[in-house]
Amino acid sequence: MKAKLVLGNKSILFSLGLFLLANSFSYSQYIEWQNFTNGNTINCITVQGDTAWVGTTGGLAKVSISLNTAVFYDKVTDGLPVNDIRAIAIDRNGGRWIGTYGGGVASFKNGTWTIYSSLNSRLPEDKIISVAVDSNDIVWIGTESSGLVKFNGTDWTIFTSANTNLISNYIFSLAVDQSSSVWIGTDAGCLNLAAVSFPWPVCPINWSNH
């Protein structure tokens with residue numbers, strides 16, 4: 001784990017290309033921005049209490065919102081399989097599920113890293129684009145070309161356009177609503193994976209009108 005970098009008021013922390021807007025201001029006051037910059041592309045941000053987990057092309061950053069400090073994790077000094085982080089999701093126990101581009105999925109719980117890849121699990125490919133965790137702590141994983149993956153901690157289930165009505169195997173984005181239905185965004189439209197519904201409903205949106 002790399003050294004913690006302490007940020008003073010209005011000073012630069014490190015190059016993440018990330019701006020944090022101070023949450024206490026009025027329209028009549030000057031808006032204060034905290035600048036976190038170092039040249040890496042920001043792919044995703046997930047907030048967990050007072051912590052912002054930031055996924056970049058150069059690794060993972062854990063940013064303390066209140067203290068303006070950060071810890072950086074990468075392949076060389078920590079447990080990441082690769083440095084290109086594309087998605088971050090948090091489970092009910094506070095565990096982080098990190099989708100990487102080329103290294104599969106990394107689980108980070110209680111300071112311990114566990115890597116799931118196509119070499120040591122049933123994950124169909126290692127280019128992960130999106131990750132979500134539902135209320136039952138089931139992990140949903142979106143791949144670049146191999147469809148949607150469901151992982152309950154033991155068993156893996158793979159959904160593709162060949163065995164479901166999934167309209168594309170490129171899963172751009174995933175979200176879970178209050179009823180634990182999984183929303184699936186692809187490069188050909190979106191679907192709603194309801195718990196007891198099959199085939200999955202396709203989003204009733206005429207995108208050509210927007």
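Every number in this text was worked out from the coordinates using simple rules, so none of it is lab data. Being a predicted model, the structure only gives us computed values, none of them experimental. Heads up, the Cβs are rebuilt from the backbone with ideal geometry, glycines too, and the neighbour counts pull from every protein chain shown.
Got the relative contact order for the stretch 79-209 handy, in percent, Cα pairs under 8 Å and 6 or more residues apart? Display every interim value, and only then the final one.
Working: 317 pairs, mean separation 18.7, N = 131.
Reported relative contact order: 14 percent.
For the stretch 169-177, what does the Karplus curve 6.51 cos²θ - 1.76 cosθ + 1.60, with θ = phi - 60°, yield as ³J(HN,Hα) per residue in whole Hz, taken in order and with x for Gly and Pro?
Coupling constants for the stretch 169-177: 8, 9, 9, 5, 8, 9, 8, 10, 8 Hz.
Karplus couplings for the stretch 73-88 from phi (6.51 cos²θ - 1.76 cosθ + 1.60, θ = phi - 60°), rounded to Hz, Gly and Pro as x?
So the Karplus estimates, Gly and Pro as x, are 10, 8, 5, 6, 9, 9, x, 5, x, 9, 8, 8, 9, 10, 7, 9 Hz.
On a full-extension model of 0.36 nm per residue, what is the gain between Ser173 and Trp156, subtracting their alpha-carbon distance, rounded to one decimal in nm?
Length gained, Ser173 through Trp156: 4.2 nm.
Mind listing the phi-derived Karplus ³J(HN,Hα) values for the stretch 134-142, rounded to whole Hz, using 6.51, -1.76 and 1.60 with θ = phi - 60°, and x for any glycine or proline?
Coupling constants for the stretch 134-142: 8, 5, 9, 6, 7, 9, 10, 10, x Hz.
Starting with the fewest neighbours, write out Val176, Val76, Val202 ranked by other beta-carbon atoms found within 10 Å of each beta-carbon. Write down the numbers at each step before the final one.
Numbers: Val176 18, Val76 9, Val202 14.
Result, fewest neighbours first: Val76, Val202, Val176.
Per residue, what volume in Å³ does the Cα convex hull of the stretch 79-209 take up?
It is 111 Å³ per residue.
Would you work out which of Ile115, Thr186, Gly104 lies farthest towards the positive end of the dipole of the stretch 79-209, given +1 charges on the beta-carbon of Lys and Arg and -1 on that of Asp and Glu, about the Cα centre?
My answer, from the dipole projection, is Ile115.
Once you have the Cα-Cα distance between Val71 and Asn192, take 0.36 nm times their residue separation minus that, and quote the gain in nm to one decimal.
39.9 nm
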